[in-house]
């Protein structure tokens with residue numbers, strides 16, 4: 001999984017008109033450790049998408065700009081627009097995230 005380290009990188013990626021998912025995490029979040037374990041499988045399940053992780057603590061300006069207050073959280077972009085988000089502070093399961101992605105890209 002690729003990593004985003006600043007706002008400029010984030011916007012360069014969204015401007016590429018690809019289907020991408022941004023996975024927001026922090027180093028201290030126990031629920032992020034749980035979801036991190038199943039992210040490689042999700043990348044295999046959705047090979048047509050590009051996956052990027054973003055550490056909320058080191059990208060606070062971008063997190064505030066995008067209203068990311070809970071982690072782990074997910075944003076899906078396509079053609080330079082946000083098409084879906086799963087943003088809250090609840091623990092997420094593999095099946096929940098997989099269903100969210102599937103429903104988001106098959107609207």
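Given a cut-off of 19 Å, what percent of all Cα-Cα pairs of the chain lie beyond it?
Values: 2081 of 5671 pairs.
Across the chain, Cα pairs with separations above 19 Å total 37 percent.
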Cβ-based exposure ranking for 13, 101, in which fewest neighbours within 10 Å come first:
13, 101
The exposure ranking of 53, 73, fewest beta-carbon neighbours within 10 Å first, is 53, 73
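Looking at the chain, send over the antiparallel percent of its DSSP beta bridges, to the nearest 5. Could you put the intermediate results ahead of the total?
Numbers: 10 of 19 bridges.
In the chain, approximately 55 percent of DSSP beta bridges are antiparallel ones.
Any read-out appearing in this document is the output of simple, stated calculations on the displayed coordinates, not a laboratory observation. Predicted model, so just to flag it, every value in this text is computed and none were measured. Here the Cβ is made from the backbone with ideal geometry for all residues, glycine too, and neighbour counts use every protein chain on show.
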